[in-house]
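What follows is a short report on a single structure.
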Amino acid sequence: MAKAQDAGRDRRSTVMAARVRTGLVLVLLALVVLGGRLFQLQGLDTAGMAQAAVEKRLRTTEIPALRGEILDANNNVLARSVQRFDIVVDQRLVKDYTRFNPKTKQPEDVRITDAIARLAEVLGQETDTVADAVLGDRPFNYVAKAVTPEVKNRVERLSFPGLQARETTIRNYPNGEVAGSVIGFLGSDGNPLAGIEATQDEVLSGTPGERTYEIGADGIRIPVATNEEVPAEDGRNVKLTLNTDVQWFAQETIAEQVRDYGAEYGTIVVVNARTGDIIAMAESTTPDPNDPGATPVEQRQPFSVTKAFEPGSTTKMITMAAAIEEGITTPTTRYTIPPSYSVNGQRFTDAVPHGTVQRTTAGIFAKSMNTGTVMIGQHLTRQQRYDYLRKFGIGELYDIGLTGMTSGLLAKPGQWDGRQEYTVLFGQGLAQTALHTAMAYAAIANDGVRMQPRLIDSYVDPDGTEHKLPREKGVKVVSKKTAGQVQDLLETVSTQGGGLPGKVEDYRVGVKTGTAEAPSDDGGFSGYTISMAGIAPMEDPEFVVVATIQRPKGGVFSLTAGPPFKKVMGQVLSTYNVPPSTTKPVKLPLE
């Protein structure tokens, strides 16, 4: 029995010893592995460890590209981006800290409550406001937005833990409302919402860069550590054809006239007939891009290209040009005009009742007679009437680099009813924008050649290299001889017809008035649209001005767009140093 017990104890001892030896072997193996790894990390991979530590401290921020400027024709700035900085914080790092005092040249302990008070003073904020922004457990929070570089530098000198300055920009429009509907504006998020800002965003934006740097455990940038930068590529400038001085004057003038007439709105378009360059495109109400929200949404558009209306009698210029070009009439051809005129069952009368009178083509045009215009225009075929309207640009979509532009309404001749085929001769039954009217008159001023309208002149690289946008070849509408005769008709209106209010002192001008019923939202008509279109100087026409007023209050026959036309045309001629006329104006016989 004793021997059996001794044998059992021996076996247990042997098993226990084996287990101990196995455990010791495993422990030794683990120590070898750990030691090897420790040796690898400390003795063989010090660079890797250091790099890992650096990477943990690295921060990368975007360097915004400076948005390009929008310039006028004389390089005056209409829109620019200004460098600013957003102050942001990692609230988890905000605590009492030690900073180097540049005055004492010694480190000093700073209580975070004192630091918050100093930061509030630098930012011009209440201490409680800053405390709410910096205290907490958020890894990211805004403390202040769009501060100046000077304020940013003062903030950085505080060595406030967890605080960073992130570069940004704000858009500034130094001329306020001047050309606001054309320039457009940016949203609060920096995205373009309207005008040139929106359509030319790709040109203006540029390409952002990035900056990489190290921060310490306190969240403060380490000045002597990693600092790598990929510079941003700034956006290009967009140079327009607008003249800021003329644009401002046109806006002020049409706004004043709209107020005087109690009208809905008004526009003025100024064009260089030889180049197609738009010198001014003014609305009576225009947004200030610095504060677009102050202007109702529906009044922020450039109505000169987004609103189409029946032009009325300004279109008679096209009818006369077509009839003269086709040999149907001459400026001095005489007609007997009855009180009313009927053709194909359609009866037409004039705004001012009259008996049977004798009138030349010039007299019909100067007195703006629908009857005489139909008598002459009926000899043009339907297709000819349509073709000449199209030649003069009516119904064409002018792409000048803005959104919301309209081509107006011009039905094909096969769709005209029995009356419309005649009303198009005097500007009813079709619709066009003020720019369409301006370009039609520019064709006559430019000896019968219609240029394409231009609003964007060139793109300018950050280094100043300018890239002119190609100028499209003009379209020959009528002969130079016909254009000259129509110029004489226009000048006769200013000397003997309804264009007398548009006469410009010391200059010869040619004009035509227009009056048409304004369409209402319910499909009918409500009020009137009055306009005046003209060219100058008549010795060698170069400039076109079109003034349009929508729904003025009062008797339509006592209202005229002559005063704003006269003021703006006078300003244009003065701005471009056009010498006063020294020759006598043309006065064609009216009877």
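The values are calculated or read from the model by the stated rules, or taken from the named source; none is laboratory data. All values derive from a computational prediction rather than experimental measurement. Cβ coordinates were reconstructed from backbone atoms using ideal geometry, including for glycine residues, and neighbour counts include every protein chain displayed. SASA here: full protein model, heavy atoms, side chains in, ligands and nucleic acids out. Shrake-Rupley method; radii C 1.70, N 1.55, O 1.52, S 1.80 Å.
So here's what we get for this one:
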item	result
Failed condition for T582, given (1) open to solvent by less than 10 Å² (accessible area, probe 1.4 Å); (2) of a type in the set (S, T, N, Q); (3) under 30 Å from T332 (Cβ atoms)	(1)
Residue tally, condition closer than 30 Å to T582 by Cα and part of a loop (DSSP other than H, G, I, E, B), over the range 505-562	13
Selection status of T129, out of contact with any Asp or Glu (no Cβ under 8 Å at 6 or more places or on another chain) and of a type in the set (S, T, Y)	yes
Criterion: surrounded by fewer than 17 Cβ atoms within 10 Å (Cβ to Cβ) and under 24 Å from L435 (Cα atoms) - qualifying residue of Q358, Q346, Q299	Q299
Filter result (polar (S, T, N, Q) and assigned to a helix (DSSP H, G or I)) within the range 114-133	T127, T129
The range 549-570, residues that are over 18 Å from G510 (Cβ atoms) and not charged (D, E, K, R)	I549, Q550, P552, G554, G555, V556, F557, S558, L559
Candidates G68, G136, filtered to the one that is in a loop (DSSP other than H, G, I, E, B) and open to solvent by less than 30 Å² (accessible area, probe 1.4 Å)	G68
Spans of helices (runs of 4 or more DSSP H) in the range 381-494 with at least 3 residues out of contact with any helix residue (DSSP H, G or I) (no Cβ under 7 Å at 6 or more places or on another chain) and over 30 Å from P231 (Cβ atoms)	382-391, 434-445
For L588: the one exception among (1) touching an Asp or Glu at 6+ places or on another chain (Cβ under 7 Å); (2) open to solvent by less than 40 Å² (accessible area, probe 1.4 Å); (3) not in a loop (DSSP other than H, G, I, E, B)	(3)
Some residue of the range 92-113 being part of a helix (DSSP H, G or I) and in contact with a helix residue (DSSP H, G or I) (Cβ under 7 Å, 6 or more places away or on another chain)	no
Yes/no for T275 being modelled with pLDDT of 95 or more, of a type in the set (S, T, N, Q) and open to solvent by 10 Å² or more (accessible area, probe 1.4 Å)	yes
Some residue of the range 117-126 being hydrophobic (A, V, I, L, M, F, W, C) and either open to solvent by 90 Å² or more (accessible area, probe 1.4 Å) or closer than 21 Å to T60 by Cβ (or both)	no
Subset of the range 517-556 (residues that are in contact with a Gly (Cβ under 6 Å, 6 or more places away or on another chain), farther than 22 Å from H436 by Cβ and surrounded by 15 or more Cβ atoms within 10 Å (Cβ to Cβ))	M538
1 or more residues farther than 28 Å from D114 by Cα and of a type outside the set (G, A, S): qualifying strands (runs of 3 or more DSSP E) within the range 141-214	163-172, 209-214
Residue list for the range 380-427, filter: β-branched (V, I, T) and out of contact with any Pro (no Cβ under 6 Å at 6 or more places or on another chain)	T381, I394, T403, T406, T423, V424
Residue match in the range 57-75 (condition: over 30 Å from P462 (Cβ atoms) and of a type in the set (A, V, I, L, M))	no
Restricting the range 226-246 to residues that are closer than 25 Å to A65 by Cα, outside any strand (DSSP E or B) and open to solvent by 20 Å² or more (accessible area, probe 1.4 Å), the residue that is modelled with the lowest pLDDT	T226
From the options E167, E197, residue that is touching a residue at least 24 places away in the same chain (Cβ under 8 Å), among the charged types (D, E, K, R) and closer than 22 Å to V269 by Cα	E197
Qualifying residue in the range 164-176 (condition: among the small types (G, A, S) and either within 18 Å of I87 (Cβ to Cβ) or surrounded by 15 or more Cβ atoms within 10 Å (Cβ to Cβ) (or both))	yes
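Rundown of residues vs (1) polar (S, T, N, Q); (2) touching a Phe, Trp or Tyr at 6+ places or on another chain (Cβ under 6 Å); (3) at pLDDT below 95, yes/no style:
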| residue | (1), (2), (3) |
| --- | --- |
| V478 | no, no, no |
| T482 | yes, no, no |
| Q496 | yes, no, yes |
| V509 | no, no, no |
| E542 | no, no, no |
| V572 | no, yes, no |
| Y576 | no, no, no |
